[in-house]
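Have a look at the structure below before the remarks.
The values are calculated or read from the model by the stated rules, or taken from the named source; none is laboratory data. Everything numeric here is computed off the predicted structure, so don't read it as measured data. No Cβ is skipped: glycine too gets one built from the backbone with ideal geometry, and neighbour counts run over all protein chains shown. Side chains are part of the model used for accessible areas, which takes the heavy atoms of the whole protein and leaves out ligands, DNA and RNA. Shrake-Rupley method; radii C 1.70, N 1.55, O 1.52, S 1.80 Å.
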Amino acid sequence: MRKILCLIIAAGFFIEASAQQVITRDQLYKRESPYERYTTYRISVTGGLGLPMGSFGDYMEKSTLRNYSILMDFVFPKNNLSVGVSLGSQYFKNRLPRQVYNFDSQDVSAVQTRTLSAIPLVVTGSYHIGKVNAPIRPYVQVGLGGAFAELANYYGTIPTGDNGFRFVAQAGAGIRALFNKNGKFGLEAGATYQHLPFEVAGEGVKDASSFNVRAGLFYRWW
């Protein structure tokens, strides 16, 4: 009876050991990375060209390189989506040759300097093509938010214009490229159209919309 009991116990240990899955070193490296399994975080810092559009393009005429953005978003790997918040800074400037202007029935010779500064804060949503660890990952993006904008036109030292908070809507597309498949750093480049209603009747401006092309780096973690 004792021998039979010992045989049963030994058989049980054998069956349990056989049922256990042995993970080899090669299999361990084939498992999904944390970026593929969990919601992760990403911060992007970009800068580049801003082109004035619409009535603002007629008013400003010149593009700018003082056009920056920092984006913090949450990346959902299973459905290729991410949601984030973007904070930007834009500054346009156009100086016209000296001319004679009439103010209050007086002729004034002055250099006209047109400026626009905007600080948009936008909630963004992005859809990506390809897996989260793909070497190159295209995306499309939309965003809604608000901005503090100031349009100032200086005739010499005499300012005109307006400022205030305005609604912002934007849409764009771009790519993100990892330096390493499971790495934390990568390159980002994209283009965005930003609609910013900002009417200044005295200057003939109905909006301060712009087309922005930016490039920079991103960092991700989990």
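If you go through the range 53-71 and keep only what is surrounded by 20 or more Cβ atoms within 10 Å (Cβ to Cβ) and within 19 Å of the chain's Cα centre (by Cα), you end up with ASN67, SER69, LEU71. Here is a check on your reading of the model: is GLY183 touching a residue at least 40 places away in the same chain (Cβ under 8 Å), outside any strand (DSSP E or B), loosely packed, with under 15 Cβ neighbours inside 10 Å and out of contact with any Gly (no Cβ under 6 Å at 6 or more places or on another chain)? Taking the combined requirement at face value, the residue does not satisfy it. Taking the conditions (1) assigned to a strand (DSSP E or B); (2) among the polar types (S, T, N, Q); (3) farther than 22 Å from GLY204 by Cβ in turn, ASN133 satisfies each one other than (1). Just so you know, in the range 136-157 the residues that are in a strand (DSSP E or B) and among the small types (Gly, Ala, Ser) include one that is surrounded by the fewest Cβ atoms within 10 Å (Cβ to Cβ), and it is GLY146. Looking at the range 187-222, which of its residues are without any contact (Cβ under 8 Å) to a residue 24 or more places away in the chain and either under 17 Å from GLY143 (Cβ atoms) or open to solvent by less than 50 Å² (accessible area, probe 1.4 Å) (or both)? Selection gives ALA191 alone.
Determine if the range 72-90 includes at least one residue that is open to solvent by less than 50 Å² (accessible area, probe 1.4 Å), in contact with a Ser or Thr (Cβ under 6 Å, 6 or more places away or on another chain) and aliphatic (A, V, I, L, M). Checking the range 72-90: at least one residue is open to solvent by less than 50 Å² (accessible area, probe 1.4 Å), in contact with a Ser or Thr (Cβ under 6 Å, 6 or more places away or on another chain) and aliphatic (A, V, I, L, M).
Being in a loop (DSSP other than H, G, I, E, B) and aliphatic (A, V, I, L, M) is a description that does not apply to ALA118.
Cβ-Cβ contacts under 8 Å between residues 6 or more apart (or on different chains), taken from a first residue in the range 23-38 that is closer than 21 Å to ARG220 by Cα and at pLDDT 85 or above to a second residue that is open to solvent by less than 90 Å² (accessible area, probe 1.4 Å) and of a type in the set (S, T, N, Q), are listed as SER33/ASN133; SER33/ASN182; PRO34/THR40; TYR35/ASN133; TYR35/ASN182; GLU36/ASN133.
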